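Worksheet for the structure shown next.
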Amino acid sequence: MERMAAYVGLDVHKDTIAVAVAEAERNGEIRSWGTITNTPGSVDKMLQKLRSRYSDLEFAHEAGPTGYGLYRRLIAKGAKCTVVAPSMTPKKPGDRIKNDTRDAAMLARLLRAGELTAVWVPDEVHEAMRDLARARQTSSYDVRKARQRIQSFLLRHGRRFGAKSWTYRHRVWLSDQSFDHAAQQIAFQSYLNAHEQAESRRKELDEQIAELIPHWSLAPIVEALQALKGVGLIVAVALVAEIGDFMRFTNPRQLMAYLGLVPGERSSGKSIRPGGITKSGNITLRSLLFEAAWCYRNRPKIGQWCWTRMPETQQIIKDIAS
């Protein structure tokens, strides 16, 4: 009996993987294969059994907190696998029943129909740099939160600094603050200590990023992006770490759509209703680009600060950036 091809949907969790198989024909059977443990041995055993029954296999699972370990293992075993975007997976509005078995069967059915949207899977080195860039973003958020706590505490006690905050003078002023009750002094000092520790972690991560960048294959793109006004080392690293290879986009419109920077529209018939940007994709990248774009509201020139910190790049890149 001739074996047929099959599409396999995997609903992946920390401890288990629900497996469903859709046969290749349009009206082919879709059935649950069962639930296996999320271990390399169980995955290899499942793959071996499916290969003994089907001639060609294609797997799909949603991107999630378990990362890309399952994808890389299946690829290493010579199988086809796709990691799909959960936000782009079609769902029926009236479907009120959700469980692992149904989710796996839905993935298998949509994979067979070609209705799933794949995400770009980074290699292990790129994923490591992305983890480092995200750790730096988290540390920057911790610094902002620590400053917010200090400012809120001082505001409750009527303490206001009349000049720009977080300068040298402001930090001296903070160190001179004293409170009548010991409990308030201890609370304020703990906020200052938390802020100092958060800044120290952020500085350490900045140094680690600068040290690892020259050994990254995408370092030339990071250097080229720094020719743009408002884009320093950290912003460039974050952009490259999240976007990855820019060449995977065939035109700039695709990149802007990926970042959620294209205008939305809700039109029907003769009614045309344009909207704001779609805001799909990575919100962190949009925030970084918004902040960097403010630098282009001034006159088009390369100031002293930009000239001193800009890395050596080709003149054609500098001409485009300016």
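Some points to look at:
- Among the residues making up the range 81-109, a single one is exposed (fewer than 13 other Cβ atoms within 10 Å of the Cβ) and hydroxyl-bearing (Ser, Thr, Tyr): Ser87.
- Any hit, the range 243-250, residues being closer than 26 Å to Ile316 by Cβ and open to solvent by less than 20 Å² (accessible area, probe 1.4 Å): yes
- Residue match in the range 52-70 (condition: in contact with a helix residue (DSSP H, G or I) (Cβ under 6 Å, 6 or more places away or on another chain), of a type in the set (Val, Ile, Thr) and at negative phi): no
- Against the conditions (1) of a type in the set (Gly, Ala, Ser); (2) free of Cβ contacts under 8 Å to residues at least 24 places away in the same chain; (3) closer than 28 Å to Gln151 by Cα, Gly232 satisfies every one except (2).
- Sole residue being under 27 Å from Ser140 (Cα atoms) and of a type in the set (S, T, N, Q), chosen from Gln315, Gln304: Gln304
- Yes/no for Arg112 being buried (at least 16 other Cβ atoms within 10 Å of the Cβ) and either among the acidic types (Asp, Glu) or not in a loop (DSSP other than H, G, I, E, B) (or both): yes
- Number of residues in the range 50-63 that are exposed (fewer than 14 other Cβ atoms within 10 Å of the Cβ) and closer than 15 Å to Gly9 by Cα: the value is 1.
Rundown of residues vs (1) in contact (Cβ under 8 Å) with a residue 40 or more places away in the chain; (2) closer than 27 Å to His126 by Cα, yes/no style:
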position	(1), (2)
Pro252	no, yes
Gly264	no, no
Asn282	yes, yes
Leu285	yes, yes
Glu291	yes, yes
Trp294	yes, no
Arg297	no, no
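- Taking the listed residues Ser190, Ser178, Ser140, the one that is of a type in the set (Gly, Ala, Ser) and surrounded by 14 or more Cβ atoms within 10 Å (Cβ to Cβ) is Ser140, with no other qualifying.
- Residue list for the range 305-321, restricted to those being among the polar types (S, T, N, Q) and either open to solvent by 100 Å² or more (accessible area, probe 1.4 Å) or in contact (Cβ under 8 Å) with a residue 40 or more places away in the chain (or both): Thr313, Gln314, Gln315
- From the options Thr284, Thr278, residue that is under 21 Å from the mean Cα position of the chain (by Cα), within 19 Å of Thr138 (Cα to Cα), surrounded by 13 or more Cβ atoms within 10 Å (Cβ to Cβ) and modelled with pLDDT under 90: Thr284
- Residue within the range 204-217 that is small (Gly, Ala, Ser), loosely packed, with under 15 Cβ neighbours inside 10 Å and not in a helix (DSSP H, G or I) present: yes
- If only residues of the range 17-49 that are part of a strand (DSSP E or B) and open to solvent by 50 Å² or more (accessible area, probe 1.4 Å) are counted, the one that is nearest to Ala76 (Cα to Cα) is Thr37.
- The range 226-251, residues that are assigned to a helix (DSSP H, G or I), at pLDDT 90 or above and not acidic (Asp, Glu): Leu233, Ile234, Val235, Ala236, Val237, Ala238, Leu239, Val240, Ala241, Ile243
- The condition of being surrounded by fewer than 15 Cβ atoms within 10 Å (Cβ to Cβ) and either among the basic types (Lys, Arg) or in a loop (DSSP other than H, G, I, E, B) (or both) holds for Ile302.
- Filter pass, Leu132 being modelled with pLDDT of 95 or more, within 30 Å of Trp33 (Cβ to Cβ) and either small (Gly, Ala, Ser) or assigned to a helix (DSSP H, G or I) (or both): no
- Pairs, first within 19 Å of Asn193 (Cα to Cα) and assigned to a helix (DSSP H, G or I) in the range 147-167, second of a type in the set (Lys, Arg) and open to solvent by 50 Å² or more (accessible area, probe 1.4 Å), C-beta under 8 Å, six or more apart: Leu154/Arg160
The values are calculated or read from the model by the stated rules, or taken from the named source; none is laboratory data. Being a predicted model, the structure only gives us computed values, none of them experimental. Counting neighbours? That spans all protein chains shown, and the Cβs are built from the backbone with ideal geometry, glycine included. Quick note on the areas: whole protein, heavy atoms, side chains included, nothing else; ligands and nucleic acids left out. Shrake-Rupley method; radii C 1.70, N 1.55, O 1.52, S 1.80 Å.
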